[in-house]
Amino acid sequence: FAMVTTQQTKEICEIIRLKSTQVFLVAGTCLITVMVTLLCIGFMTRYEVENDVANVADVDYWKDKVATSQKIWYDKGIDELNEALRPQDLTYPKNVRIFVIQGIDGRDWAAFRFPTSDASRGNTNFIWDRFPHLARLKNSCSQQFPCQVASVSRALWLGIPLDKVPDNQQDCGRLFNATQGPISILRQAQLAGLRTGFVTTQRITGPTGAALGNANGNFECDESMPLNSIKSGCQDIAQQLISDETGKFLNVLIGGGRQMLSSLVPNTKYDPVDEMLCESNDGRNLLKDWRNQKLKESKINRIIFDLIQRRDELESLNSSSFDYLMGVMANGDLSGNSKAPSLKLMVDKSLNVLTKYKQGYLLIVEQFIPSGIDKREQLQLLNDTLVNLHKDQDTLTLVLMTNAIYPKPSLDVSEETETISLLPEIFNEAESEIQKRLHQMPSESLLFAQGPKSSIFQGVRKETFLAHAISHVLSRSRVRP
């Protein structure tokens with residue numbers, strides 16, 4: 001009996017010892033879990049404090065101090081405040097998209113938010129209103145008289161101060177024969193290995209196209225060139241865009257200006273020749289030259305390209321398979337062609353070409369708003385275009401609004417130049433004095449930014465800052481083998 005009791009006692013002790021070990025193991029595991037959890041909470045709290053990270057519950061205001069009718073609006077504003085408190089992205093973009101609206105200033109942009117028919121509907125928030133960063137670009141053209149639109153475009157896209165921009169009209173021969181001249185951000189992107197595109201509702205030979213294409217001179221086609229300029233070695237802008245390096249390597253080029261590129265163009269009711277603009281008369285066909293250029297290139301490197309001149313051609317185009325696309329959609333500006341493609345269609349097809357190889361791209365889109373066009377409608381078209389763009393975390397998107405219309409007599413008729421002709425009668429003052437005072441009126445461009453490194457674009461800057469900032473971004477976005 002004693003032996004049996006001893007044996008049972010041993011068994012009971014072993015069982016108790018086993019269970020005690022299990023209890024200690026469970027307790028130890030729980031303790032370690034609690035300690036790890038506390039450490040994680042501590043690290044997260046420190047990170048949030050150091051980086052100003054907050055969520056809806058953490059964003060503080062005097063909830064108990066404001067009235068109930070006031071509190072509801074504070075609560076709705078928390079999302080916007082959270083966006084402002086979000087830490088800055090340290091990465092650089094792979095792609096850059098720049099949308100330029102010529103003919104809109106801050107007053108227009110603010111006024112067109114409100115509907116004219118029914119004020120009770122409240123204001124319309126454009127998509128760029130939600131961009132986290134905003135910069136103002138000074139207009140140093142207000143300090144110069146006279147001031148040329150071409151010089152302003154070169155200051156923006158080449159990064160050269162306005163008073164240092166060479167007089168292309170006087171020095172085009174010397175500049176054309178120079179071994180090395182200033183290059184635009186478009187050419188810099190090409191040298192960095194990015195695909196590039198330029199889309200405009202104006203003519204591709206306009207001031208923006210000329211500056212981006214590094215074209216020398218202010219003559220859009222041969223008709224406007226003086227004989228002494230031709231003898232000095234000048235080429236017109238149209239010729240340079242097709243034959244120079246920047247134009248050759250452009251993956252996308254879409255806009256108007258057919259009558260500058262070809263001497264024989266169809267003069268139709270829906271797309272008449274614009275007699276206010278330059279018309280080529282030397283027998284050229286630069287569109288055919290561009291095609292032959294690509295055919296020659298395709299014999300060395302297999303490329304897919306196309307030249308289109310109608311909206312239906314662009315609509316049916318499977319653009320994602322193309323390496324190069326050129327579209328000349330009007331004799332003059334696209335506003336003169338009632339059958340011109342929409343801005344959204346041109347941008348969508350361009351992005352399909354640029355994203356073919358996933359190697360990064362720079363796309364510059366110019367929306368030119370001439371006199372007599374509904375500015376509110378044009379802003380809405382741009383807004384719809386941006387809303388429908390593919391949301392890409394690797395893309396820096398900029399929207400630049402600039403009046404960029406300077407009262408200087410030229411073939412580029414603008415709202416201000418039309419108005420000036422009536423001012424002498426109204427104010428009984430010489431036109432030159434009125435022009436001088438208009439130039440001295442303060443004018444600044446608005447630059448909205450969203451995406452990686454958008455925080456660069458803030459504060460009041462010179463107009464050259466845009467080119468300098470984009471050049472920096474492109475240098476860090478360089479395609480690596």
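The values are calculated or read from the model by the stated rules, or taken from the named source; none is laboratory data. What you see is a predicted model, and the numbers here were worked out from it, not measured in a lab. So basically every Cβ, Gly included, is an ideal-geometry build from the backbone, and we count neighbours across all protein chains shown. Accessible surface areas use protein heavy atoms only, side chains included; no ligands, DNA or RNA. Shrake-Rupley method; radii C 1.70, N 1.55, O 1.52, S 1.80 Å.
When you look at Ala110, is it small (Gly, Ala, Ser), over 29 Å from Ser335 (Cβ atoms), at pLDDT 70 or above and open to solvent by less than 50 Å² (accessible area, probe 1.4 Å), yes or no? It is false that Ala110 is small (Gly, Ala, Ser), over 29 Å from Ser335 (Cβ atoms), at pLDDT 70 or above and open to solvent by less than 50 Å² (accessible area, probe 1.4 Å). Of all residues in the range 200-219, those being surrounded by fewer than 24 Cβ atoms within 10 Å (Cβ to Cβ) and under 16 Å from the mean Cα position of the chain (by Cα) number 0. Pairs linking a residue in the range 353-364 that is among the small types (Gly, Ala, Ser) to a residue that is surrounded by 17 or more Cβ atoms within 10 Å (Cβ to Cβ) and assigned to a strand (DSSP E or B), with Cβ atoms under 9 Å and 6 or more positions apart or on different chains, are Gly360/Asn95; Gly360/Val96; Gly360/Arg195. Listed by first and then second residue, the pairs linking a residue in the range 75-95 that is within 17 Å of Arg130 (Cβ to Cβ) and of a type in the set (Val, Ile, Thr) to a residue that is surrounded by 13 or more Cβ atoms within 10 Å (Cβ to Cβ) and at pLDDT 75 or above, with Cβ atoms under 7 Å apart and 6 or more places separating them unless they lie on different chains, form an empty list.
Going through the range 83-107 one residue at a time, which ones are assigned to a helix (DSSP H, G or I) and either at pLDDT 80 or above or open to solvent by 30 Å² or more (accessible area, probe 1.4 Å) (or both)? Within the range 83-107, Glu83, Ala84, Leu85, Arg107 qualify.
The set of residues in the range 233-275 that are in contact (Cβ under 8 Å) with a residue 60 or more places away in the chain and assigned to a strand (DSSP E or B) comprises Val252, Leu253, Ile254, Gly255, Gly256.
The numbered conditions (1) touching a strand residue (DSSP E or B) at 6+ places or on another chain (Cβ under 9 Å); (2) of a type in the set (Ser, Thr, Tyr); (3) modelled with pLDDT under 90 are all true for Ser371 except (1).
Taken as a whole, the structure places Leu345 among residues that are within 23 Å of Gln378 (Cβ to Cβ), assigned to a helix (DSSP H, G or I) and open to solvent by 20 Å² or more (accessible area, probe 1.4 Å). Among (1) modelled with pLDDT of 95 or more; (2) more than 30 Å from Ser338 (Cα to Cα); (3) of a type in the set (A, V, I, L, M), there is one condition Val252 misses while meeting the rest; what is its number? Single failed check for Val252: (2). Taking the range 309-341 as the range and being in contact with a Pro (Cβ under 8 Å, 6 or more places away or on another chain), farther than 11 Å from Gly256 by Cα and either without any contact (Cβ under 8 Å) to a residue 12 or more places away in the chain or open to solvent by less than 20 Å² (accessible area, probe 1.4 Å) (or both) as the test, only Leu314 passes.
Residues in the range 349-382 that are in a helix (DSSP H, G or I), touching a helix residue (DSSP H, G or I) at 6+ places or on another chain (Cβ under 8 Å) and surrounded by fewer than 22 Cβ atoms within 10 Å (Cβ to Cβ): 3 in all. In the set Ile230, Ile303, only one residue is assigned to a loop (DSSP other than H, G, I, E, B) and touching a helix residue (DSSP H, G or I) at 6+ places or on another chain (Cβ under 9 Å); that residue is Ile303. Pick from the range 95-114 the residues that are touching a helix residue (DSSP H, G or I) at 6+ places or on another chain (Cβ under 8 Å) and hydrophobic (A, V, I, L, M, F, W, C): which of them is farthest from Ala189 (Cα to Cα)? By that ranking, first place goes to Phe112.
Yes or no: Asp306 more than 22 Å from Lys248 (Cα to Cα), open to solvent by less than 90 Å² (accessible area, probe 1.4 Å), under 29 Å from the mean Cα position of the chain (by Cα) and without any contact (Cβ under 8 Å) to a residue 24 or more places away in the chain? No; evaluated as a whole, the condition is false for this residue.
For residues that are part of a loop (DSSP other than H, G, I, E, B) and open to solvent by less than 70 Å² (accessible area, probe 1.4 Å), scanning just the range 58-82, find the one that is modelled with the highest pLDDT. Only one residue fits best here, namely Ala67. Scanning the range 383-396 for residues that are within 23 Å of Phe322 (Cβ to Cβ) and in a strand (DSSP E or B) gives a single hit, Thr395.
Does at least one position in the range 157-167 carry a residue that is open to solvent by 10 Å² or more (accessible area, probe 1.4 Å), among the aromatic types (Phe, Trp, Tyr), at pLDDT 90 or above and within 16 Å of the chain's Cα centre (by Cα)? Checked the range 157-167: no residue is open to solvent by 10 Å² or more (accessible area, probe 1.4 Å), among the aromatic types (Phe, Trp, Tyr), at pLDDT 90 or above and within 16 Å of the chain's Cα centre (by Cα).
Among the residues in the range 383-394, are any open to solvent by 60 Å² or more (accessible area, probe 1.4 Å), under 24 Å from Asp108 (Cα atoms) and among the β-branched types (Val, Ile, Thr)? Scanning the range 383-394, I find at least one residue that is open to solvent by 60 Å² or more (accessible area, probe 1.4 Å), under 24 Å from Asp108 (Cα atoms) and among the β-branched types (Val, Ile, Thr), so the answer is yes.
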